[in-house]
Amino acid sequence: MLTIHTQRGKRIEIILQSELCDPVHVGEYVRAYCHLHGSDHQRSLSINKANGWGHCFNAACDVTVLVAEWNRETAQRLIRMHYQGLSPESSETYHPPNENKKKLPFVYQPVLLHAPRTVPKWQRDELAWLLSLEQQMRAALKQSARARAYLRERGIPLEVAIDTGVCYLPAEIMNRPELRGQRRILQRWTDRMLFPLVSPYGKGFIGRSLWQWKPGMDENAHKELLDKPGRPRRWIKTNPAGWFGTDLEQFPRSIVLVEGAFDRLALIAAGFPARDIVALAGTAAQVDWFPSQLYIVTLALDNDAGGEEATRRLAEQFEEASITVKICSQQENPGGKDWNERWRQSGSACLTPLLALYETENEEYTVIRPFTYLPSRKAFEIGSQSPRSVNQV
């Protein structure tokens, strides 16, 4: 057992599966007697089998635990981040059982207890092939006039997409001899813009279909076309999925959380540092995923009923985790449902409420990319000017 105290003062006990006391299955959770405070009256330790995180509901204990075998990457990341250079046997990290506590029987039940459910083979194969083709798909993004035109009409400069790892899988790639036997696996990903995803469980992708899109087609019209029965799904994801953003270990102390992948690209095109913008991309904002160095989250979700409800729910979750929450008011963002739509229509004018929140936590922030493009072809030429502070935008 290793005890870790995060920078926000949260205590986490990393335990082994074999340390669980008389565990039993209860739906998606495992319940066990808490060996940390020595209780044998009830199974107060509840652990999610899917991600290894658990909590003791005894008020005097109230400990957060992580079963190492059920979430190896997160356990390793926590140990590496907080105890670099120390081994589990170090006196600073290893806490032997308190002799004054009542000793409980440790029951190891390999048949009863399981690590998180395994990913189906077809999904593992799918992700493996996409990863193997990543460099080719990045090259295809640069070479495809169709993909470049789509980015241009979404208001996203090609270099922004390239810098953030966006790629494209053209249908023609299936004609390559080495891929002819993989048509069944890769068919649903062809003619899609792919965005890399990060999570504690590894890398993944989310793909936006370009099926029957033509230059000049409005984004809402294309959405309506794809939403009809029998059409390709607009968005599909691998397993595991995750967020479209920087690696978890490289998170800054303050981030802006948006909903869609194109929302993140729009804000980066507007000048925000890429590492500061994280897109949920259809994945839940699991607070346990966020690294300890994160102190402030600015919620800038979509301007609709779903975005408003998600903002309320996420604000509560982050505040419970002692993370400061700032909310970019949706009433102050007219002219579009999301940041990408507002960016296409209004350019930098749409950024005012978000910049006002952002600059208070990033006083030295400067616009690192000039505003040079609007799909509406409005004159918006500031490229020759030097970077300016946020309050000058």
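So here's what we get for this one:
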quantity: Answer from Trp189, Trp213 - the residue that is over 30 Å from Phe290 (Cβ atoms), crowded, with 19+ Cβ neighbours inside 10 Å and either in contact with a helix residue (DSSP H, G or I) (Cβ under 9 Å, 6 or more places away or on another chain) or at pLDDT 95 or above (or both); calculated: Trp213
quantity: Residue within the range 174-190 that is within 21 Å of the chain's Cα centre (by Cα) and assigned to a helix (DSSP H, G or I) present; calculated: yes
quantity: Condition check for Pro196: in a loop (DSSP other than H, G, I, E, B) and either in the same structural domain as Ala281 (by TED's automatic domain parsing) or out of contact with any Ser or Thr (no Cβ under 6 Å at 6 or more places or on another chain) (or both); calculated: no
quantity: Residue satisfying all of: in the range 243-264; of a type in the set (D, E, K, R) and in contact with a strand residue (DSSP E or B) (Cβ under 9 Å, 6 or more places away or on another chain); surrounded by the fewest Cβ atoms within 10 Å (Cβ to Cβ) among these; calculated: Asp247
quantity: Among (1) charged (D, E, K, R); (2) touching a helix residue (DSSP H, G or I) at 6+ places or on another chain (Cβ under 7 Å); (3) at pLDDT below 80, the one test that Arg183 misses; calculated: (3)
quantity: Contacts under 9 angstrom Cβ, first residue in the range 228-253 being in contact (Cβ under 8 Å) with a residue 12 or more places away in the chain, partner assigned to a loop (DSSP other than H, G, I, E, B) and of a type in the set (Lys, Arg), 6 or more apart; calculated: Thr238/Lys203; Pro240/Lys203; Gly242/Lys203
quantity: Residues (crowded, with 20+ Cβ neighbours inside 10 Å and of a type in the set (A, V, I, L, M, F, W, C)) located in the range 272-288; calculated: Phe272, Ile277, Val278, Ala279, Leu280, Ala281
quantity: Answer residue from the range 1-34, given it is part of a loop (DSSP other than H, G, I, E, B) and at pLDDT below 85 and is farthest from Val63 (Cα to Cα) among those; calculated: Gly27
quantity: Which numbered condition Arg208 misses (of (1) closer than 23 Å to Arg124 by Cα; (2) in contact with a Ser or Thr (Cβ under 9 Å, 6 or more places away or on another chain); (3) not polar (S, T, N, Q)); calculated: (2)
quantity: Residues satisfying the stated conditions in the range 23-40, i.e. surrounded by fewer than 16 Cβ atoms within 10 Å (Cβ to Cβ) and on the phi > 0 side of the Ramachandran plot; calculated: Gly27
quantity: Residue count for the range 226-280, restricted to those that are in a strand (DSSP E or B) and not basic (Lys, Arg); calculated: 12
quantity: Sole exception among (1) modelled with pLDDT of 95 or more; (2) surrounded by 14 or more Cβ atoms within 10 Å (Cβ to Cβ) for Val119, by number; calculated: (1)
quantity: Inter-residue pairs, beta-carbon under 6 Å, first in contact (Cβ under 8 Å) with a residue 60 or more places away in the chain and in a helix (DSSP H, G or I) and in the range 281-298, second hydrophobic (A, V, I, L, M, F, W, C) and surrounded by 15 or more Cβ atoms within 10 Å (Cβ to Cβ), 6+ apart; calculated: Asp288/Trp53
quantity: So Gly207, is it at positive phi and either assigned by TED's automatic domain parsing to the domain that holds Leu131 or at pLDDT below 95 (or both); calculated: no
quantity: Count - residues of the range 233-242 that are surrounded by 15 or more Cβ atoms within 10 Å (Cβ to Cβ) and either β-branched (Val, Ile, Thr) or at pLDDT 95 or above (or both); calculated: 5
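Here is a yes/no grid of residues against (1) over 21 Å from Ala270 (Cα atoms); (2) surrounded by 16 or more Cβ atoms within 10 Å (Cβ to Cβ); (3) polar (S, T, N, Q):
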residue: Ala128; (1), (2), (3): yes, no, no
residue: Met174; (1), (2), (3): yes, no, no
residue: Arg180; (1), (2), (3): yes, no, no
residue: Ile185; (1), (2), (3): yes, yes, no
residue: Pro196; (1), (2), (3): no, yes, no
residue: Leu226; (1), (2), (3): yes, yes, no
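Rundown of residues vs (1) small (Gly, Ala, Ser); (2) surrounded by 21 or more Cβ atoms within 10 Å (Cβ to Cβ); (3) assigned by TED's automatic domain parsing to the domain that holds Arg146; (4) in contact (Cβ under 8 Å) with a residue 12 or more places away in the chain, yes/no style:
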{"position": "Ala266", "(1), (2), (3), (4)": "yes, yes, no, yes"}
{"position": "Ala270", "(1), (2), (3), (4)": "yes, yes, no, yes"}
{"position": "Gly306", "(1), (2), (3), (4)": "yes, no, no, no"}
{"position": "Ala315", "(1), (2), (3), (4)": "yes, no, no, yes"}
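The values are calculated or read from the model by the stated rules, or taken from the named source; none is laboratory data. Treat the numbers as computed from the prediction; the structure is a model and nothing was measured. With ideal geometry, Cβ positions are generated from the backbone for all residues, glycine too; neighbour counts draw on all protein chains shown.
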